[in-house]
Amino acid sequence: MTDMSKESTDYFGLNIPFMQFIGLQPEDFSPQLTRTRLPWRADLTNSRGDIHGGTLMSALDLTLSAAARANDTSTSMATIDMTSHFLAPARGTVVFEATCLRMGKSIAFCEGRALSEDGELLVTATATFKVMRPR
């Protein structure tokens with residue numbers, strides 16, 4: 001189990017306790033590419049020892065929404081829709097990469113992927129977000 005008493009991690013300007021809990025590590029944050037990394041841990045796996053699909057989708061959701069926020073960091077995102085295609089099991093550390101295809105006034109469209117450290121494509125994803133602007 002992860003020790004939640006650790007100092008919180010900055011997820012591109014946000015504190016997100018669940019991402020800290022699963023151990024997601026922020027790496028790159030720009031309108032061109034957002035990247036995070038998830039080290040393999042036994043408590044994140046399914047009955048086969050692969051990283052659980054729900055864990056992968058959670059990490060992708062954060063990485064995709066961060067890609068949209070990279071265009072305007074004063075915003076936050078609410079997931080409207082996310083589609084994932086699982087191509088191979090995640091059996092080690094996973095790298096997530098995402099880009100924002102279009103950032104509108106109220107909707108953002110993003111795409112991303114999960115890769116093994118060796119570059120094997122594990123998951124592809126697309127997502128649509130409601131752009132939440134400060135009042």
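Annotations
- Sole residue being in contact (Cβ under 8 Å) with a residue 24 or more places away in the chain and closer than 21 Å to GLN20 by Cα, chosen from ALA78, ALA88: ALA78
- Contact map, region 45-63: residues that are on the phi > 0 side of the Ramachandran plot paired with residues that are of a type in the set (D, E, K, R) and part of a loop (DSSP other than H, G, I, E, B), Cβ distance under 8 Å, separation 6+ or inter-chain. Pairs shown: GLY49/ARG91.
- Verdict on THR83 being under 13 Å from THR126 (Cα atoms), under 15 Å from the mean Cα position of the chain (by Cα) and β-branched (Val, Ile, Thr): yes
- On the stretch given as region 100-125, residues that are over 27 Å from ARG41 (Cβ atoms) and part of a strand (DSSP E or B) total 7.
- Number of positions in region 82-99 that are of a type in the set (Ser, Thr, Tyr) and assigned to a loop (DSSP other than H, G, I, E, B): 1
- Residues satisfying the stated conditions in region 40-81, i.e. among the polar types (S, T, N, Q), out of contact with any strand residue (DSSP E or B) (no Cβ under 9 Å at 6 or more places or on another chain) and part of a helix (DSSP H, G or I): SER58
- Condition met for ASP28 (within 25 Å of LYS130 (Cβ to Cβ), under 15 Å from the mean Cα position of the chain (by Cα), modelled with pLDDT under 95 and among the acidic types (Asp, Glu)): no
- Scanning region 23-39 for residues that are out of contact with any Lys or Arg (no Cβ under 9 Å at 6 or more places or on another chain), touching a residue at least 60 places away in the same chain (Cβ under 8 Å) and not in a loop (DSSP other than H, G, I, E, B) returns ARG35, THR36.
- Here PRO134 clears all of (1) within 18 Å of LEU14 (Cα to Cα); (2) modelled with pLDDT of 95 or more except the condition numbered (2).
- For region 64-75, the set of residues classified as free of Cβ contacts under 8 Å to residues at least 60 places away in the same chain and either surrounded by 16 or more Cβ atoms within 10 Å (Cβ to Cβ) or within 18 Å of THR9 (Cα to Cα) (or both) consists of ALA66, ALA67, ARG69, ALA70, THR75, listed by residue number.
- Residues in region 94-125 that are surrounded by 16 or more Cβ atoms within 10 Å (Cβ to Cβ), among the β-branched types (Val, Ile, Thr) and free of Cβ contacts under 8 Å to residues at least 60 places away in the same chain: VAL94 only.
The values are calculated or read from the model by the stated rules, or taken from the named source; none is laboratory data. What you see is a predicted model; the values in this text were computed from it and never measured. Counting neighbours? That spans all protein chains shown, and the Cβs are built from the backbone with ideal geometry, glycine included.
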